[in-house]
Amino acid sequence: MGLKIEDISFTYETGTAMQVRALNHISCEIPDDRFIGLIGHTGSGKSTLVQMLNGLLKPTQGRILFNGEDIHGDGYDRKNLRAKVGLVFQYPEHQLFEADVLSDVMFGPRNLGLSEEECRKRASESLFMVGMGERFFKKSPFDLSGGEKRRAAIAGVLAMHPQILILDEPTAGLDPRGRDEILGLISEMKKKLRMTIVLVSHSMDDVARYVDQIMVMNNGKLVYNDVPSEVFRHHKELETMGLSAPQVIYIMEYLKERGLPVNTEVLDIQSAADSIMACMGPAGRGRS
Amino acid sequence: MFENITIGQYYQTRSPLHSLDPRVKLTGTLLYIISLFIVNCAAGYLLAALFLVCMIRLSHVPFRYIVRGMRAILFLLAITMLFNMFLTPGQVLWQAGPLHLTREGLTFAVKMAFRLTFLILGSSLMTLTTTPTQLTDAMESLMRPLKVLHVPVHEIAMMMSIALRFIPILMEEADKIMKAQMARCAEFDSKHLMKKIKSMVPLLVPLFVSAFRRANDLAMAMEARCYRGGEGRTRMNPLIYRTRDWIAYGVVFGFMAAAIALRVFSASLPFPLNL
Amino acid sequence: MIKIRKLIHDYLKHDEDGAVSEEIRALAGLDLDVKPGEFIVILGHNGCGKSTLAKHINALLFPSEGEVWVDGMNTVDGEKLWDIRQEAGMIFQNPDNQIIAQVVEEDVAFGPENIGVPGEKIRKRVEESLKSVGMLEYRRKSPGRLSGGQKQRVCIAGVIAMRPKCIIMDEPTAMLDPSGRVEVLKTARQLNREEGITVILITHYMEEAIEADRVIVMDKGKIALQGTPREVFSRVEEMKDLHLDVPQVSLLAWELRRRGLKIPADILTREELADALEKVIS
């Protein structure tokens, strides 16, 4: 069933009679078992939108349905909603507080009122899922490396068994190795747990090869909502929004301009190389 | 929930009050606060209110902006009033069980409320029109005599100004951490007191960790920019008294004199000014 | 400008009694020479020792072994400490944790005030510095209202107001969004070209290294690779082993070579790639 967003708007009131419209009539659906990239530059409204999805912020207009029910309806259990729509904030390592990693990951399940045994089981499963074995369980979260802290924090949300997992710029501030590790981990989680993942980012290069749907936000509006290759066809428009298509697309576009009949709808280096090799013909085969 | 706090924040604009020497504003604010405890009758409070309104007008800070900062303290104000109303002995006006509302308590509570409100508005007016750096310089300059007693005047002033700078940053951080914990199903609005205290742990621990990290970073950044205490430091804008500052001193002392006079002659004032 | 010889740095971990329980070697015998006016980019993943190196140049850390010389001054020479910090300015990752004042121009004045510049001259320097980072119109604003890139530019102005010969930037773009990154990088390049300030930029975004005079890749406290961007990025395999990115064009060219296409190994732009492919076809 998933989430259904019906014509929502949101206006921030910032003090001296200044109003900022952060979201402007957004409608979309976030179905089950889907990998979605939510892209937009700073201030485009993407962080506001994700905080709507688990009920942390209430839209000033419109409604949000989760599995068919209005999340701001009378008597709706929003605490349970937050377990089902998990949200991992930017720099999530800043939320760690317990004495050891395992207890920190158990914080979410405990808030759900589960038995101690069940909390422990979920926490250790989640930690294994993010690649943190038993040797980490009793460590202080403050002694972990940057990448490990972030994985522990993700496990903390995972332990609530969300149906939809939203990650707000999970690779911010990480080095290329940390970034690849986290992104690899997320796509593995997607495959194993068959949940919906919403990956918030401002880098097309990061999300392009993982996601099967891209939502682009600009000035509080949802501009595109389509499969990656369709969205990247608008790379000129993306640039006016301070975004860009993956670098490899620009390379292929340029080669095509120069007269090489290459395929411009590629998303990674491997398929780009395939396409170039194909149009080089026998001339390209150094060995022949 | 934290974005409404304006106490201690600087409001950037051009106004006669902004351009005054910070030493005048600091002394003026202190004298104003003292005067609030000198006056004891309606006329005195009227004078204090008048003075405050004039100053707010002179500051060009929107009135609504200043009042918004009051909201955070409303709770404190209400508590103080309630305590005073019911716990002051005197002529009973109304009674419910063990609670006595007395005439003396009521007058005292109203006066206290006025004092506190004026006090907070007055001191936030100072911080709204004075940058922390100016405030630091003023404090350092006014407290200079204490240096003889080996009081670390410069260091105290510097710490205060840094604290003021980091209030909004830590408020924003607290808000973020709170949301992150709420996303993990934490509840911060529990009615149960013990639960409420316990629920603060997941907020306060990360907040302290972050504050320490920031303090560490800041110390290093300051060292990298050659900071080594007050010794040998110069100022971009050294404090110099101008004519308008002397006039301002005059106005403040004039107000002070009026406040004292009103107290001395309060008994001979006509009703209702003598209340 | 900067001369580093056999620099070793050990971080000591203390147990509860204050005794040394663990030694972590962050820098393991590093040599480096920086010429005046150079634009150097240091790449490397977290924990490779690049931040430790930066702090040595600004005399915030001192060598366990080896020597660091800045403009002819040894960093362990206590008398020269403040001269070194004035000549080799430093920018850190998080702009929020570097800004001391609540008004832009007061923050820029902080450095010159510390080194005892007279008030009249400070005002002039503040104005010039803010102008050179393009932030003059924000001089009376509160830093809290600026974007990340703008804040970092204010920090840079605060350093140039001290008239340094060299600026070391320790991951100044790590916490910024793409537009903020571009702003900061543009400012750094401009200071290098127009004012001749030596820049050492530490980053893990390889795209920031493409226009550098020299790229230094660090690993395990040592220099693993160095050379012009072209030299470094053509060594795709070694860069991959170090878990670092190379430009997509270089990566594509490398992949095509691996598949047997006869094109040069040091392709850095798409024009060069197209030229090379056309050559193969004809």
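Overview of results
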read-out: Enumeration of residues in the range A:142-151 that are surrounded by fewer than 24 Cβ atoms within 10 Å (Cβ to Cβ) and either of a type in the set (Val, Ile, Thr) or outside any loop (DSSP other than H, G, I, E, B) (or both); value: A:PHE142, A:ASP143, A:GLY146, A:GLY147, A:GLU148, A:LYS149
read-out: Residue list for the range B:171-199, filter: surrounded by 17 or more Cβ atoms within 10 Å (Cβ to Cβ), in contact (Cβ under 8 Å) with a residue 12 or more places away in the chain and among the aliphatic types (A, V, I, L, M); value: B:ALA174, B:ILE177, B:MET178, B:ALA186
read-out: Single residue of the range C:187-232 satisfying the filter (of a type outside the set (A, V, I, L, M, F, W, C), touching a strand residue (DSSP E or B) at 6+ places or on another chain (Cβ under 8 Å) and within 14 Å of chain A (Cβ to nearest Cβ)) that is nearest to A:THR171 (Cα to Cα); value: C:HIS204
read-out: Residue that is nearest to the other protein chains (Cβ to nearest Cβ) [pool: residues in the range C:255-278 that are under 18 Å from A:GLU257 (Cβ atoms) and touching a residue at least 12 places away in the same chain (Cβ under 8 Å)]; value: C:ARG270
read-out: Helices (runs of 4 or more DSSP H) fully within the range A:177-262 counting 1 or more residues that are closer than 23 Å to A:LEU167 by Cβ and within 18 Å of the chain's Cα centre (by Cα); value: A:204-207, A:228-232
read-out: Filtered residues of the range C:104-113 (kept if closer than 12 Å to B:SER161 by Cβ, at the interface with chain B (Cβ under 7 Å from one of its Cβ atoms) and touching a residue at least 40 places away in the same chain (Cβ under 8 Å)); value: C:PHE110
read-out: Subset tally (residues that are of a type in the set (A, V, I, L, M) and without any contact (Cβ under 8 Å) to a residue 40 or more places away in the chain) for the range C:1-57; value: 4
read-out: Among (1) closer than 29 Å to A:GLU181 by Cβ; (2) touching a Cys at 6+ places or on another chain (Cβ under 7 Å); (3) not acidic (Asp, Glu), the one test that A:LEU260 misses; value: (1)
read-out: Matching residues, the range B:231-275, being at pLDDT below 85, surrounded by fewer than 14 Cβ atoms within 10 Å (Cβ to Cβ) and in a helix (DSSP H, G or I); value: B:ALA267, B:SER268
read-out: Filter result (aliphatic (A, V, I, L, M), surrounded by 17 or more Cβ atoms within 10 Å (Cβ to Cβ), within 14 Å of chain A (Cβ to nearest Cβ) and closer than 22 Å to B:VAL110 by Cα) within the range B:37-69; value: B:ILE66
read-out: Test result for C:ALA212, crowded, with 17+ Cβ neighbours inside 10 Å, among the small types (Gly, Ala, Ser) and at pLDDT 95 or above; value: no
read-out: Flag for B:PRO206 being part of a loop (DSSP other than H, G, I, E, B) and out of contact with any Lys or Arg (no Cβ under 9 Å at 6 or more places or on another chain); value: no
read-out: Residue within the range C:119-132 that is at the interface with another protein chain (Cβ under 10 Å from one of its Cβ atoms), under 21 Å from C:ARG189 (Cβ atoms), at pLDDT below 95 and assigned to a helix (DSSP H, G or I) present; value: no
read-out: From A:GLU98, A:GLU169, A:GLU134, residue being at pLDDT 90 or above, out of contact with any strand residue (DSSP E or B) (no Cβ under 9 Å at 6 or more places or on another chain), farther than 21 Å from B:SER199 by Cβ and among the charged types (D, E, K, R); value: A:GLU134
read-out: Tally of residues being within 14 Å of chain A (Cβ to nearest Cβ) and not hydrophobic (A, V, I, L, M, F, W, C) across the range B:124-180; value: 6
read-out: Residue count, the range A:64-102 (criterion: away from every other protein chain (no Cβ under 11 Å) and of a type outside the set (Asp, Glu)); value: 12
read-out: Test: residue in the range B:241-262 that is within 7 Å of chain C (Cβ to nearest Cβ), small (Gly, Ala, Ser) and over 24 Å from the mean Cα position of the chain (by Cα); value: no
read-out: Count of residues meeting criterion [part of a helix (DSSP H, G or I) and surrounded by 21 or more Cβ atoms within 10 Å (Cβ to Cβ)] in the range C:151-182; value: 12
read-out: Near pairs, Cβ below 8 angstrom, 6+ apart or cross-chain, from the range C:89-102 (more than 7 Å from chain B (Cβ to nearest Cβ)) to any residue that is among the charged types (D, E, K, R) and in a loop (DSSP other than H, G, I, E, B); value: C:GLY89/B:ARG225; C:GLN93/C:GLU171
read-out: Residue that is surrounded by the most Cβ atoms within 10 Å (Cβ to Cβ) [pool: residues in the range C:133-150 that are among the aliphatic types (A, V, I, L, M) and either outside any helix (DSSP H, G or I) or within 12 Å of another protein chain (Cβ to nearest Cβ) (or both)]; value: C:VAL133
read-out: Unmet requirement for A:THR171, which otherwise passes all of (1) assigned to a helix (DSSP H, G or I); (2) under 17 Å from A:VAL200 (Cα atoms); (3) among the hydroxyl-bearing types (Ser, Thr, Tyr); value: (1)
read-out: Residue, farthest from the chain's Cα centre (by Cα), within the range B:10-36, restricted to residues that are of a type outside the set (A, V, I, L, M, F, W, C) and within 19 Å of B:LYS111 (Cβ to Cβ); value: B:SER35
read-out: Selected residue (only one of C:VAL76, C:VAL41 is among the aliphatic types (A, V, I, L, M) and part of a loop (DSSP other than H, G, I, E, B)); value: C:VAL76
read-out: Long-range neighbours under 8 Å by Cβ, at least six apart or interchain, first residue within 9 Å of chain C (Cβ to nearest Cβ) and free of Cβ contacts under 8 Å to residues at least 60 places away in the same chain within the range B:211-222, second among the aliphatic types (A, V, I, L, M) and outside any helix (DSSP H, G or I); value: B:LEU218/C:ILE100; B:MET220/C:LEU60; B:ALA221/C:MET90; B:ALA221/C:ILE100; B:MET222/C:ILE100
read-out: B:CYS226 at positive phi and more than 10 Å from chain C (Cβ to nearest Cβ); value: no
read-out: Candidates C:LEU53, C:LEU12, C:LEU61, C:LEU27, filtered to the one that is more than 14 Å from chain A (Cβ to nearest Cβ) and in a helix (DSSP H, G or I); value: C:LEU53
read-out: Residue within the range B:121-139 that is at pLDDT 80 or above, within 30 Å of B:LYS25 (Cα to Cα) and of a type in the set (D, E, K, R) present; value: yes
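Results for (1) over 21 Å from the mean Cα position of the chain (by Cα); (2) among the hydroxyl-bearing types (Ser, Thr, Tyr); (3) under 20 Å from B:MET182 (Cβ atoms), shown as yes or no for each residue.
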{"position": "A:GLU6", "(1), (2), (3)": "no, no, no"}
{"position": "A:SER27", "(1), (2), (3)": "no, yes, no"}
{"position": "A:SER44", "(1), (2), (3)": "no, yes, no"}
{"position": "A:GLN51", "(1), (2), (3)": "no, no, yes"}
{"position": "A:ARG63", "(1), (2), (3)": "yes, no, no"}
{"position": "A:ASN67", "(1), (2), (3)": "no, no, no"}
{"position": "A:LYS79", "(1), (2), (3)": "yes, no, yes"}
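The values are calculated or read from the model by the stated rules, or taken from the named source; none is laboratory data. Values in this document were obtained by computation on a predicted structure and should not be read as measured data. Quick reminder, even Gly has a Cβ in these numbers, built from the backbone with ideal geometry, and neighbours come from all protein chains shown.
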